[in-house]
Amino acid sequence: MSNFRDFDRLFRLDDKVALVTGGSRGLGLHAATAFLRAGAAKVIITARKTGGPEGINQAVEKLNNITGIKGHAIGIPANVSSEAEIVRLVKAVEKEAGKLDILVANAGATWGSKFEDAPDHATSKILDVNVRGVFLLAQKFAPMLQASGTRRDPSRIIIVSSTAGKNVPHVGENGTIMYSVSKAAAHHLGRNLAIELGPSNITTNIVAPGFFPSKLASGLIEKLGGTSELEDANPRKRLGEPEDIAGVMVYLCSPAGSYINGVDIAVDGGMVLGAGRHSKL
Ligand SMILES: NC(=O)c1ccc[n+]([C@@H]2O[C@H](COP(=O)([O-])OP(=O)(O)OC[C@H]3O[C@@H](n4cnc5c(N)ncnc54)[C@H](OP(=O)(O)O)[C@@H]3O)[C@@H](O)[C@H]2O)c1
């Protein structure tokens, strides 16, 4: 028999403090929900909007109403494409929580159009949120993450990228060239951070989702033929679901993932591996 330390806590996040950018809806809200359900003490979500049906406040309320959780959620508004806002966010997290164990850089921006029509302001926004902002988040939160990480239980950075960072998903009418480029950069940023910050007891990994219904993705899902067409093209015959994000986040951020550093995990049913058209055998 093998002796495992604390096997019962292998997928638990008790006492952990997590920050999820873009936590007010979509994949970020799935991650925040999963962290609280896995025992996290505090989950801080950030986004730009506070009020309304998509703002931070309604998300915090939903999170704090989850039955059976020991921890709680806090919302701190910030624009994570601005250095000044990130510096302010670091101070606010320090004040609210006193420490940080998990940073999920999830907030993202995209733009879809013909190559000829893609405006420069969209390129700037995409690169600012998906690449520059992620680098700044890691840089400014590194001291707090280092302070709470240990050799056996490192602090975690998760970069939510996309399978669009691994292949060329959409050109032509609904092209997303600079989004795809930004996500490829996010992957390589994650690999660099893994080597840079690993010795400081901080691991960095990349989660690369395929299609999950969300505000960001739903327009493109429709333009590409709708849910059932995309489901049919997927080896697993479905799109992503909230539990798929919960599983990978809890794995990477719990003791089970403590020796994983610098990897990217596609959460897409294997879709990214397919090339060309496959006949139905
Ligand atoms: N859904 C998919 O199919 C899919 C596939 C691959 C990758 N992804 C990636 O997954 C991540 C989340 O996407 P999602 O589909 O969940 O999108 P979403 O539902 O549109 O949510 C985006 C979140 O990011 C926040 N946000 C956007 N810009 C921000 C900024 N500058 N500063 C702070 N917060 C900001 C939004 O809130 P505010 O608007 O209030 O700021 C919102 O909370 C993105 O990185 C995306 O590229 C998604």
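A few comments on the model shown:
- Taken over segment 1-25, the criterion of being touching a Phe, Trp or Tyr at 6+ places or on another chain (Cβ under 9 Å) and surrounded by fewer than 24 Cβ atoms within 10 Å (Cβ to Cβ) is satisfied by Leu10, Phe11.
- Evaluation of Thr46 against (1) modelled with pLDDT under 95; (2) touching a helix residue (DSSP H, G or I) at 6+ places or on another chain (Cβ under 7 Å) (one fails), failing number: (1)
- Residues in segment 196-214 that are part of a helix (DSSP H, G or I) and among the polar types (S, T, N, Q): Ser200 alone.
- Hits in segment 170-194 - residues which are more than 22 Å from Ala256 (Cβ to Cβ), open to solvent by 50 Å² or more (accessible area, probe 1.4 Å) and either within 12 Å of the ligand (Cβ to nearest atom) or modelled with pLDDT of 95 or more (or both): Ile177, Met178, Val181, His188, Asn192
- Checklist (1) surrounded by 18 or more Cβ atoms within 10 Å (Cβ to Cβ); (2) within 16 Å of the ligand (Cβ to nearest atom); (3) in a loop (DSSP other than H, G, I, E, B) applied to Ala217, failing item: (3)
- Segment 119-141, subset under 15 Å from the mean Cα position of the chain (by Cα) and closer than 16 Å to Leu100 by Cβ, residue farthest from the ligand (Cβ to nearest atom): Ala138
- From Arg88, Arg132, residue being among the charged types (D, E, K, R) and over 30 Å from Leu224 (Cα atoms): Arg88
- Count - residues of segment 220-244 that are touching a Gly at 6+ places or on another chain (Cβ under 7 Å), within 11 Å of the ligand (Cβ to nearest atom) and not in a helix (DSSP H, G or I): 1
- Residue in segment 112-127 that is within 25 Å of Leu13 (Cα to Cα) and touching a residue at least 24 places away in the same chain (Cβ under 8 Å) present: no
- Condition check for His170 on (1) closer than 30 Å to Leu224 by Cα; (2) touching a helix residue (DSSP H, G or I) at 6+ places or on another chain (Cβ under 6 Å): one failure, at (2).
- Among the residues listed as Leu29, Leu10, the single one being closer than 16 Å to Ile245 by Cβ, at pLDDT 95 or above and either of a type in the set (Phe, Trp, Tyr) or in contact with a Pro (Cβ under 9 Å, 6 or more places away or on another chain) (or both): Leu29
- Scanning segment 67-76 finds no residues that are under 27 Å from Gly149 (Cβ atoms), open to solvent by 10 Å² or more (accessible area, probe 1.4 Å) and touching a residue at least 60 places away in the same chain (Cβ under 8 Å).
- Some residue of segment 44-62 being open to solvent by less than 50 Å² (accessible area, probe 1.4 Å) and touching a Phe, Trp or Tyr at 6+ places or on another chain (Cβ under 6 Å): no
- Just so you know, in segment 146-169 the residues that are in a helix (DSSP H, G or I) and touching a Lys or Arg at 6+ places or on another chain (Cβ under 7 Å) include one that is nearest to the ligand (Cβ to nearest atom), and it is Ala164.
The values are calculated or read from the model by the stated rules, or taken from the named source; none is laboratory data. Fair warning: this is a prediction, and the values are worked out from it, not measured in the lab. Using ideal geometry, Cβ is built from the backbone for each residue, glycine included, and neighbour counts are taken over all protein chains shown. Just so you know, the surface numbers come from the protein's heavy atoms only, side chains and all, with ligands and any DNA or RNA stripped out. Shrake-Rupley method; radii C 1.70, N 1.55, O 1.52, S 1.80 Å.
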